[in-house]
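See structure below.
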Amino acid sequence: MIPILSSDELKRYDRQILIHEIGVAGQEKLKKASVLICGAGGLGSPAAIYLAAAGVGAITLIDYDQVALSNLNRQILHGEADIGRWKVDSAKEKLGKLNSHLILRTSTVRITDENAGEWAAGHDVIIDALDNLATRYALNKTAQEMGVPFIHGAVNGFEGRALTVIPGQSACLRCLHRSAAPETGKFPVIGVTPALIGVIQATEAIKYLTGIGELLADRLVVYDGLKAKWSEFRVKKNPECEHCGRPPERKTP
Amino acid sequence: MSVMVNIHKTHRQFTSGLEAVEVDGDTVGECLNTLTQRFPQLKTALFDKKNTLKNQIEIYLNMESAYPDELKKMVKPGDEIHITVMLAGG
């Protein structure tokens, strides 16, 4: 039988294979995994970098935007020379240099209610690294329908939050709110905030893919960078949720 | 002993910078009513014209989501309410 990990890979991931909970078996699971990252910006940059570095076998990265000067305070996959390039092209170059074992697929498609399912198909985990609620909801809904875990992250200023959604088991993003809030346009943010949240999302993905630890399922963590304080709020599935609740025909009268 | 309401950072401009305010009430709705009577500018930040909570407002009671029917949730002295807001940036 051909080993899943080459001797080069065993050497490369030696330090994390030493982690009792990961070991060679966990590393093999990471190599066999496929992660969809929607957004190659403030959250998507650190999430993609750390998942690529950790040895996740395949990543699909989607972003319909091009690099702008005002992105560079936080979107660390991109530099000055990338201004005007598609973010996914810039990301592909950086991630390819970081880890040549990575199979990286990219797209500049705009995720919608109609195409989200097509893009989610074949992935083990979805990372929500988006910058607007409408697309987050589209992806959240698709993740529930397709049974793909959905790792939510969002930021504003020095504040960030993360929640892991295990379809059929834990509260989804839609369970938390009565409806999407109106979009506010340009949001304030400093790079250290999405850096932290994006890395938490990557950590959640690694834990889920290797089957270790305790996920942020039904646990919304909120980070206040100015106070250096984490809060954890318990959230629960809403039986009437239009994304993950019982289908109407199965509701008891 | 009354109920402590933790004010979100973006709303502290309406509470003279106060991060937490003690209020009285038997339900979350009564507590928020007491709060907005004391700080009237906060009312338009939390409620829409129909006096329902705005979509972006999240209410947690003793660190647990109070959604749905947040305003009807019963509270007792010593309870803690957190007002937070939905985030969308990435």
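The values are calculated or read from the model by the stated rules, or taken from the named source; none is laboratory data. Computed from a predicted structure; not experimentally measured. Neighbour counts run over all protein chains shown; Cβ positions are idealised from the backbone, glycine included. Ligands, DNA and RNA are stripped out before the accessible areas are found, and what is left, the full protein with its side chains, is counted by its heavy atoms. Shrake-Rupley method; radii C 1.70, N 1.55, O 1.52, S 1.80 Å.
Checking the structure you have, find out if any residue of the stretch B:15-32 is among the hydroxyl-bearing types (Ser, Thr, Tyr) and in a helix (DSSP H, G or I). Checking the stretch B:15-32: not a single residue is among the hydroxyl-bearing types (Ser, Thr, Tyr) and in a helix (DSSP H, G or I). Counting only strands (runs of 3 or more DSSP E) that fall entirely inside the stretch A:139-231 and contain at least 3 residues that are open to solvent by 20 Å² or more (accessible area, probe 1.4 Å), the qualifying elements are A:219-224. When B:Met74, B:Met63, B:Met86 are screened for being among the hydrophobic types (A, V, I, L, M, F, W, C), modelled with pLDDT of 95 or more and over 18 Å from B:Asp24 (Cβ atoms), only B:Met63 passes. Restricting attention to the stretch B:61-70, does a residue exist that is farther than 30 Å from A:Val199 by Cα, open to solvent by 30 Å² or more (accessible area, probe 1.4 Å) and either out of contact with any His (no Cβ under 7 Å at 6 or more places or on another chain) or acidic (Asp, Glu) (or both)? Yes; the residues of the stretch B:61-70 include at least one that is farther than 30 Å from A:Val199 by Cα, open to solvent by 30 Å² or more (accessible area, probe 1.4 Å) and either out of contact with any His (no Cβ under 7 Å at 6 or more places or on another chain) or acidic (Asp, Glu) (or both). Within the stretch A:2-20, the set of residues being part of a helix (DSSP H, G or I) and either of a type in the set (A, V, I, L, M, F, W, C) or more than 26 Å from the chain's Cα centre (by Cα) (or both) comprises A:Ser7, A:Asp8, A:Leu10, A:Lys11, A:Ile17. When the criteria are applied in full, A:Thr184 meets the requirement of being among the β-branched types (Val, Ile, Thr), more than 24 Å from B:Asp69 (Cα to Cα) and modelled with pLDDT under 95. Contact map, the stretch A:137-149: residues that are more than 21 Å from B:Leu87 (Cα to Cα) paired with residues that are assigned to a helix (DSSP H, G or I), Cβ distance under 8 Å, separation 6+ or inter-chain. Pairs shown: A:Glu145/A:Gly117; A:Met146/A:Gly117; A:Met146/A:Ala120; A:Val148/A:Ala120; A:Val148/A:Thr142. Restricting A:Thr164, A:Thr193 to those that are within 18 Å of A:Ala129 (Cβ to Cβ) and more than 14 Å from chain B (Cβ to nearest Cβ) reduces the list to A:Thr164.
Per the conditions (1) more than 14 Å from chain A (Cβ to nearest Cβ); (2) closer than 25 Å to A:Asn140 by Cβ; (3) among the polar types (S, T, N, Q), the sole criterion not satisfied by B:Thr44 is (2). Of A:Asn73, A:Asn132, all but one fail to be within 14 Å of another protein chain (Cβ to nearest Cβ), out of contact with any Leu (no Cβ under 6 Å at 6 or more places or on another chain) and surrounded by fewer than 16 Cβ atoms within 10 Å (Cβ to Cβ); the exception is A:Asn73.
Just to verify a result, which residue in the stretch A:103-116, among those that are closer than 14 Å to A:Val56 by Cβ and open to solvent by 60 Å² or more (accessible area, probe 1.4 Å), is nearest to the other protein chains (Cβ to nearest Cβ)?
Going through the stretch A:103-116, the residues closer than 14 Å to A:Val56 by Cβ turn out to be A:103-105.
Subsequent filtering for residues that are open to solvent by 60 Å² or more (accessible area, probe 1.4 Å) retains A:103, A:105.
Values: A:Ile103: 24, A:Arg105: 20 Å.
By that ranking, first place goes to A:Arg105.
Here is a yes/no grid of residues against (1) under 16 Å from the mean Cα position of the chain (by Cα); (2) assigned to a loop (DSSP other than H, G, I, E, B); (3) surrounded by 18 or more Cβ atoms within 10 Å (Cβ to Cβ); (4) away from every other protein chain (no Cβ under 14 Å):
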{"residue": "A:Thr60", "(1), (2), (3), (4)": "yes, no, yes, yes"}
{"residue": "A:Leu77", "(1), (2), (3), (4)": "yes, yes, yes, no"}
{"residue": "A:Gly84", "(1), (2), (3), (4)": "no, yes, no, yes"}
{"residue": "A:Val88", "(1), (2), (3), (4)": "yes, no, yes, yes"}
{"residue": "A:Ala91", "(1), (2), (3), (4)": "yes, no, yes, yes"}
{"residue": "A:Gly96", "(1), (2), (3), (4)": "no, no, no, yes"}
{"residue": "A:His101", "(1), (2), (3), (4)": "no, yes, no, yes"}
{"residue": "A:Glu118", "(1), (2), (3), (4)": "no, no, no, yes"}
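Looking only at residues of the stretch B:34-60 that are of a type in the set (S, T, N, Q) and in contact (Cβ under 8 Å) with a residue 24 or more places away in the chain, we find that the one that is farthest from B:Val21 (Cα to Cα) is B:Asn55. State yes or no: is A:Leu36 in contact (Cβ under 8 Å) with a residue 40 or more places away in the chain, closer than 15 Å to A:Val56 by Cα and in contact with a Phe, Trp or Tyr (Cβ under 8 Å, 6 or more places away or on another chain)? Considered against the rule, which asks whether it is in contact (Cβ under 8 Å) with a residue 40 or more places away in the chain, closer than 15 Å to A:Val56 by Cα and in contact with a Phe, Trp or Tyr (Cβ under 8 Å, 6 or more places away or on another chain), A:Leu36 comes out as yes.
Of all residue pairs spaced 6 or more apart or on separate chains, those with beta-carbon atoms under 6 Å, a first member in the stretch B:62-90 that is within 22 Å of B:Phe47 (Cβ to Cβ) and within 12 Å of chain A (Cβ to nearest Cβ) and a second member that is open to solvent by less than 50 Å² (accessible area, probe 1.4 Å) and of a type in the set (Lys, Arg) are B:Leu87/A:Arg161. A:Ala47: outside any loop (DSSP other than H, G, I, E, B), within 16 Å of A:Asp124 (Cβ to Cβ), in contact with a Gly (Cβ under 9 Å, 6 or more places away or on another chain) and in contact (Cβ under 8 Å) with a residue 12 or more places away in the chain, yes or no? Considered against the rule, which asks whether it is outside any loop (DSSP other than H, G, I, E, B), within 16 Å of A:Asp124 (Cβ to Cβ), in contact with a Gly (Cβ under 9 Å, 6 or more places away or on another chain) and in contact (Cβ under 8 Å) with a residue 12 or more places away in the chain, A:Ala47 comes out as yes.
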